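These notes concern the structure reproduced below.
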Amino acid sequence: MKKRIAISVITSFGIFMSACGGGQSEGSAPAATSVTPAPAAPSPDQYDPKRGEGKFKDITVGDKLDEAIAATGKKVFDVKCSSCHKLTEEKLVGPGWKGVTSRRQPAWIMNFITNTDEMINKDPAAQALLELCLVRMPNQSLSDEDARGALEYMRKNDGVK
Amino acid sequence: MKNKKLIILPLASIIVAMGFNSCKPKSVNNAVSGDAASKVYVAPGKYDEFYNFVSGGFSGQMSVYGLPSGRLLRVMPVFSVDPEKGWGFSEETKPMLNTSHGFVPWDDLHHVQLSKTNGDYDGKWVFGNANNTPRIARIDLRTFRTAEIIEIPNSAGNHSSPFITENTEYVVAGTRFSIPPDLSNGDVPINTYKQNFKGFLSFISVNKDNGAMDIAFQIQCPGVNFDLSRAGKGVSHGWFFFSCYNTEQANTLLEVNASQKDKDFIMAVNWKKAEEYLKAGKGKKVSTKYAHNVYDEKTHSATSEIKTEVTILDSKELKDLCYFFPCPKSPHGCDVSPTGEYIVGSGKLAALIPVFSFDKLQKAIAAKDFVGDFDGIPVLKYESVLYGEVKKPGLGPLHTEFDNKGNAYTSFFVSSEVVKWNIKDLKVLDRAPTFYSVGHLCVAGGDTKNPNGKYLVAYDKITKDRYLPTGPELSQSAQLFDISGDKMQMILDFPTIGEPHYAQIVPADVIKNNSLKIFKIEDNHNPYVSQGEGATKVVRDKNRVDVYMTAIRSHLTPDNIEGIKMGDEVYFHVTNLEQDWDVPHGFAIKGATNGELLVMPGETQTLKWVPDRIGISPFYCTDFCSALHQEMSGYVRVSPAGSNVPLLFSTGKNQPVADAKEAK
């Protein structure tokens with residue numbers, strides 16, 4: 001059994017804002033109301049803000065955690081991510097990782113961490129985060145496997161067993 | 001009034017010089033025509049068509065320009081320390097400047113040579129020579145960094161270097177200032193030059209795959225000044241040609257005493273024969289001392305090894321290895337045509353250009369057409385080797401390069417011009433003034449088997465009034481010519497660093513796609529790397545303190561360090577965790593007497609710091625990296641020797657113990 005993670009853009013955006021703002025409660029996210037909802041079924045040539053911009057389209061993840069893949073993700077996190085991201089909700093340089101897998105679809109996450117510059121230039125949610133954090137997330141040259149590992153490690157961090 | 005005189009003088013000298021020539025001189029006024037600007041315009045964001053690798057002369061460095069725009073793209077540190085790159089300041093790069101004399105911070109880089117395969121540029125490496133303390137450097141064109149430096153023993157004034165064979169089998173280094181060999185007792189009267197001084201030609205092998213250099217052999221030759229050299233190619237592959245002056249063997253006032261003879265020599269060396277002699281065990285191993293320095297891209301560190309032995313072949317004993325043929329008036333350049341058939345000699349004091357034939361050279365050797373010998377080496381008859389002379393080309397020819405249409409271009413220092421002539425019929429076709437006193441010149445691909453022939457750059461020795469004045473010291477000047485038509489057309493003037501002795505022009509496509517963007521952090525095997533912030537630490541061993549630090553936009557970890565004491569030697573090992581192109585971080589700490597760092601993405605570099613006073617020393621990133629670059633800083637607390645302040649380090653938290661005990 002495989003399932004897709006799907007959470008509405010508005011909700012996830014609200015969480016993201018609050019996370020980046022540094023541990024505010026979810027309800028107090030102020031900018032969420034100003035976001036235009038994405039169309040329900042975007043046509044292929046339209047930008048899909050759920051998927052983001054990049055090579056990854058339909059990323060399916062298992063019900064259960066793949067410990068081996070998550071372990072590779074932890075290595076990537078230690079070397080390339082932990083300088084700026086905490087595993088809690090607390091913002092360091094960038095947002096904390098806690099809850100990111102419920103805010104974002106797997107493809108969005110993998111596109112963002114591998115195709116960072118284009119995403120920041122194009123994606124409304126990424127741009128809103130930049131306004132809060134003011135440091136452009138660097139492209140850390142993650143391979144496809146690195147990115148998949150990081151995603152699995154994020155899932156582990158979010159409680160997937 | 002004074003200004004006017006200054007301007008008139010160089011003009012007058014050019015006009016007087018032109019008087020000797022058959023072609024009509026061009027005046028300065030018509031030297032630049034209307035469409036020059038459009039020919040050199042490279043729109044913002046667009047790439048140049050060519051890379052131009054230019055020696056930095058007395059700066060000791062090598063620069064990279066884009067052509068036709070003349071934009072300076074990079075200065076690559078080679079034989080001199082370079083604060084902009086941290087070269088020679090970081091602990092990792094210091095060994096690159098080690099020699100048998102110790103650390104040499106500044107040398108004189110003369111010539112550049114791009115590596116070749118089948119006689120054309122292959123884009124792998126570019127070589128440069130240190131003239132003063134003889135060395136050859138290899139720069140990796142993936143990183144645009146000096147990867148290896150080898151010292152040349154038994155040598156001084158390493159000038160006829162670093163010229164290479166058509167498949168980069170060898171880089172050759174010839175000595176300009178003959179000296180007594182290293183092994184001999186050099187404590188001799190200087191006026192025993194003829195008996196005791198020798199010239200050595202070193203053949204350095206280059207590993208095809210990784211570029212590793214090794215001195216394969218040295219040829220011991222009579223004491224003269226070996227000035228420049230070129231490898232044979234095509235039909236003359238297997239031979240090497242060296243211009244020789246001071247065949248008078250003078251040891252004082254060379255200006256006069258080395259200019260006595262009507263003709264000096266070009267030496268032809270059969271290096272394939274040398275290889276045979278070497279295989280046959282004819283080489284003598286002699287002990288000496290020279291440094292071999294290698295920069296390892298994986299450890300981001302250099303090592304310097306002192307080697308103690310070279311193999312020497314004696315030109316006097318080993319027959320058919322070396323021949324001299326006469327060349328007028330203290331020859332400087334000896335350049336080989338694209339087919340390898342012709343060798344062009346350029347006598348610095350001559351008013352003609354002799355062109356020698358490789359075919360005639362071989363026939364003359366076979367016929368033993370000698371006029372005598374010089375210190376045991378046969379001297380061939382001038383007329384037997386000569387193809388012909390270019391008559392009245394100008395005054396003081398120095399260097400010649402070639403285009404793709406059978407033409408040669410020679411620089412004339414005394415008459416300050418570039419002269420185009422045809423290799424076959426030796427007729428002068430065009431001449432263009434330079435501003436002023438051109439030394440080297442280069443044509444795109446001009447020393448390869450297949451020259452590109454689109455552009456020529458003249459590198460001038462005198463700048464004078466070409467740019468806005470900047471006090472007594474002026475940058476040197478280069479002039480770009482479009483040589484695609486019948487007439488050379490000057491289209492750009494641009495300033496250069498140091499003194500550009502020689503340069504090469506290569507199509508950008510040969511190099512640009514191999515250029516590295518980052519060093520992979522996973523491949524960083526520096527012994528002091530921090531693979532992520534979690535790996536940062538501060539370790540004390542007696543009075544040595546190693547700080548394993550990371551840098552990423554926009555903080556350094558650790559950024560609060562306490563427990564450093566007077567008398568400590570602190571090593572900051574800064575790892576840049578960025579994995580994005582063009583995001584270096586810098587590192588500087590107040591009062592550091594030996595420099596700063598610049599660290600590329602994925603790299604580790606180390607700064608040694610010996611605190612000289614008690615107190616708080618801030619450190620920070622010196623290379624603007626993000627909107628919060630100003631925040632990228634930290635503090636070190638230095639306590640008295642013997643203090644009991646514990647060694648503490650952190651980022652993003654205050655140490656509770658320190659707060660409680662010492663907060664006021």
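Here is how the numbers come out for the structure above:
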read-out: Qualifying residue in segment B:391-399 (condition: surrounded by 24 or more Cβ atoms within 10 Å (Cβ to Cβ), assigned to a strand (DSSP E or B) and in contact (Cβ under 8 Å) with a residue 24 or more places away in the chain); value: yes
read-out: Members of segment B:376-390 found to be out of contact with any helix residue (DSSP H, G or I) (no Cβ under 6 Å at 6 or more places or on another chain) and part of a strand (DSSP E or B), listed by number; value: B:Ile377, B:Pro378, B:Val379, B:Leu386, B:Tyr387, B:Gly388, B:Glu389, B:Val390
read-out: Of all residues in segment A:127-138 being part of a loop (DSSP other than H, G, I, E, B) and touching a residue at least 24 places away in the same chain (Cβ under 8 Å), the one that is nearest to the chain's Cα centre (by Cα); value: A:Met137
read-out: Hey, B:Ile190 in contact (Cβ under 8 Å) with a residue 60 or more places away in the chain and over 21 Å from B:Val78 (Cα atoms) or not; value: yes
read-out: Filter result for B:Lys272 (under 25 Å from B:His332 (Cα atoms), modelled with pLDDT under 95 and basic (Lys, Arg)); value: no
read-out: Unmet criterion (only one of (1) within 34 Å of the chain's Cα centre (by Cα); (2) outside any loop (DSSP other than H, G, I, E, B); (3) within 14 Å of chain A (Cβ to nearest Cβ)) for B:Leu516; value: (2)
read-out: Count of residues meeting criterion [surrounded by fewer than 23 Cβ atoms within 10 Å (Cβ to Cβ) and either at pLDDT 95 or above or in a strand (DSSP E or B) (or both)] in segment B:239-248; value: 0
read-out: Residues located in segment B:586-621, provided they are away from chain A (no Cβ under 14 Å), among the polar types (S, T, N, Q) and touching a Ser or Thr at 6+ places or on another chain (Cβ under 9 Å); value: B:Gln605, B:Thr606
read-out: Residue that is nearest to the other protein chains (Cβ to nearest Cβ), among those in segment B:551-571 that are in a loop (DSSP other than H, G, I, E, B) and of a type in the set (Asp, Glu); value: B:Asp559
read-out: Scan of segment B:586-617 for residues that are on the phi > 0 side of the Ramachandran plot and part of a strand (DSSP E or B), ordered by number; value: B:Gly615
read-out: Options B:Gly445, B:Gly453, B:Gly471, B:Gly388; residue that is surrounded by fewer than 17 Cβ atoms within 10 Å (Cβ to Cβ) and closer than 23 Å to B:Ala231 by Cα; value: B:Gly388
read-out: Any hit, segment B:314-326, residues being surrounded by fewer than 24 Cβ atoms within 10 Å (Cβ to Cβ) and hydrophobic (A, V, I, L, M, F, W, C); value: yes
read-out: Any hit, segment B:622-630, residues being more than 16 Å from B:Ser530 (Cβ to Cβ), in a strand (DSSP E or B) and either touching a residue at least 24 places away in the same chain (Cβ under 8 Å) or within 14 Å of chain A (Cβ to nearest Cβ) (or both); value: no
read-out: Residue within segment B:524-535 that is away from every other protein chain (no Cβ under 12 Å), in contact (Cβ under 8 Å) with a residue 12 or more places away in the chain and surrounded by fewer than 18 Cβ atoms within 10 Å (Cβ to Cβ) present; value: yes
read-out: Test for B:Glu578: is it within 14 Å of chain A (Cβ to nearest Cβ) and over 25 Å from B:Lys94 (Cα atoms); value: no
read-out: B:Gln489 crowded, with 24+ Cβ neighbours inside 10 Å and on the phi < 0 side of the Ramachandran plot; value: no
read-out: Test: residue in segment B:495-504 that is among the aliphatic types (A, V, I, L, M), free of Cβ contacts under 8 Å to residues at least 60 places away in the same chain and away from chain A (no Cβ under 14 Å); value: no
read-out: Hits in segment B:209-238 - residues which are among the charged types (D, E, K, R) and surrounded by fewer than 19 Cβ atoms within 10 Å (Cβ to Cβ); value: B:Asp209, B:Asp214
read-out: Residue ranges of helices (runs of 4 or more DSSP H) in segment A:47-126 with at least 1 members within 26 Å of B:Asn576 (Cα to Cα) and away from chain B (no Cβ under 14 Å); value: A:67-76, A:106-114, A:116-122
read-out: First in segment B:101-116 and more than 19 Å from B:Ser63 (Cβ to Cβ), second anywhere and surrounded by 24 or more Cβ atoms within 10 Å (Cβ to Cβ), Cβ under 6 Å, 6 or more apart; value: B:Phe103/B:Leu97; B:Val104/B:Leu97
read-out: Yes/no for B:Val583 being part of a loop (DSSP other than H, G, I, E, B), within 34 Å of the chain's Cα centre (by Cα), within 14 Å of chain A (Cβ to nearest Cβ) and modelled with pLDDT under 95; value: yes
read-out: Residues being among the aliphatic types (A, V, I, L, M), part of a helix (DSSP H, G or I) and within 14 Å of chain B (Cβ to nearest Cβ) - total across segment A:139-161; value: 2
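The values are calculated or read from the model by the stated rules, or taken from the named source; none is laboratory data. The model shown is predicted, which means the values in this text are computed figures rather than measured ones. Neighbour counts are summed over all protein chains in view; Cβ atoms, including those assigned to glycine, are modelled from backbone coordinates with ideal geometry.
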